[in-house]
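Worksheet for the structure shown next.
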């Protein structure tokens, strides 16, 4: 019997797990039916330490991806790198400097 498809966020990876060995990733695009969301789901709470305005802060999070433990789930494969990549994570300007070849592949200058 096969296990159901489940999205596992990086925060839930076991200690020491190298996420770079996984060649796909989650872009957090979900659709649900209202009926599916009527059921009880046991979603965990996660303690996250952050810095906000140069001050330490704590955030308690729930991960929407944990619904995949309960709901029938499907996916679209998204490559992490290369020309077939649909996503290039750029959160700060310095991120642009870390992947110039990939940016050129995705958006050729001419």
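The values are calculated or read from the model by the stated rules, or taken from the named source; none is laboratory data. Just so we're clear, the structure is a prediction, and the values are computed from it rather than from any experiment. So basically every Cβ, Gly included, is an ideal-geometry build from the backbone, and we count neighbours across all protein chains shown.
Laid out as a table, the results:
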item: Some residue of the range 82-90 being outside the structural domain of residue 10 (by TED's automatic domain parsing), modelled with pLDDT of 75 or more and within 17 Å of the chain's Cα centre (by Cα); result: yes
item: Leading residue by the ranking (farthest from residue 7 (Cα to Cα)) among those in the range 47-80 that are in contact with a helix residue (DSSP H, G or I) (Cβ under 9 Å, 6 or more places away or on another chain) and in a strand (DSSP E or B); result: 48
item: Positions within the range 97-110 being modelled with pLDDT under 80 and either touching a strand residue (DSSP E or B) at 6+ places or on another chain (Cβ under 9 Å) or part of a helix (DSSP H, G or I) (or both), in sequence order; result: 100, 101, 102, 103, 104, 105, 106
